[in-house]
Amino acid sequence: MESEAMTVKKTASKKKVPEYLVKEEFDGVKLYYKGYKEVMKGNKKLEDIMPSSGLHSFILTFMFKILIKHLDEDIYELLGGEVGNLTPQKKRAGLDLAIFEKKILTPEQINRHYTKVPPKIVIEIDVDVESEDLTQDEIIQFRTRKLLESGVEKIIWIFSLSQMVMVAEAGKDWILFDWDREVEILDGIVFNVGAHLKNKGIL
């Protein structure tokens with residue numbers, strides 16, 4: 001016979017995660033805002049776990065500056081800051097930085113709703129989602145694969161803790177390397193996040 005404590009534990013473990021804590025969803029697999037468990041416990045509010053760290057924002061701004069300066073505005077549209085992207089393949093994502101081709105993302109598609117066409121390039125800084133079933137490494141692999149399946153051509157991950165960069169391109173082997181080297185985004189536009197942070201005295 002189960003004790004009362006065991007029954008309570010089982011009930012608590014099956015507590016449904018509220019929809020407002022779901023940040024992304026890929027083919028029915030839900031990814032939650034990092035720290036969602038603390039919100040469910042009542043230790044934090046949603047607004048406590050949503051803001052980015054100072055380092056995350058600094059790197060994102062660095063990438064923005066490079067792309068604004070060098071990206072061909074006649075060909076590409078640059079969007080950033082949790083870009084909502086919803087594709088017909090049942091993939092709903094929030095992207096740090098997304099580069100769209102203007103022939104794909106036309107003016108009438110830019111509105112108050114999620115973008116509904118895949119970006120050409122996605123740049124992500126750290127993993128800001130959690131899962132009930134997947135580890136952080138598995139989330140990176142799963143999320144990357146699903147974005148490529150939705151039509152994204154290239155995904156660049158920047159990991160501040162390990163100081164590494166991962167580049168995943170459709171039809172190619174994914175590569176992981178130290179972030180203290182030049183990485184091409186597209187059309188000869190490159191960045192070196194490690195060198196930039198050192199130059200600014202951050203590392």
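For this structure, a couple of remarks:
- Hey, Q89 outside any strand (DSSP E or B) and modelled with pLDDT of 95 or more or not: no
- Of all residues making up segment 26-82, the number that are of a type in the set (A, V, I, L, M, F, W, C), more than 20 Å from L147 (Cα to Cα), free of Cβ contacts under 8 Å to residues at least 60 places away in the same chain and not in a loop (DSSP other than H, G, I, E, B): 6
- Restricting attention to segment 74-108, the residues that are closer than 26 Å to S52 by Cβ and more than 15 Å from the chain's Cα centre (by Cα) total 6.
- Residues of segment 160-203 that turn out to be aliphatic (A, V, I, L, M), under 28 Å from E73 (Cα atoms) and not in a helix (DSSP H, G or I), as a count: 10
- Some residue of segment 151-169 being of a type in the set (D, E, K, R) and in contact (Cβ under 8 Å) with a residue 40 or more places away in the chain: no
- Single residue of segment 120-136 satisfying the filter (assigned to a strand (DSSP E or B) and charged (D, E, K, R)) that is nearest to Y76 (Cα to Cα): E124
The values are calculated or read from the model by the stated rules, or taken from the named source; none is laboratory data. No experiment lies behind these values; they were computed from the predicted model shown. As a convention, Cβ positions derive from the backbone with ideal geometry for all residues, glycine included, and neighbour counts pool all protein chains shown.
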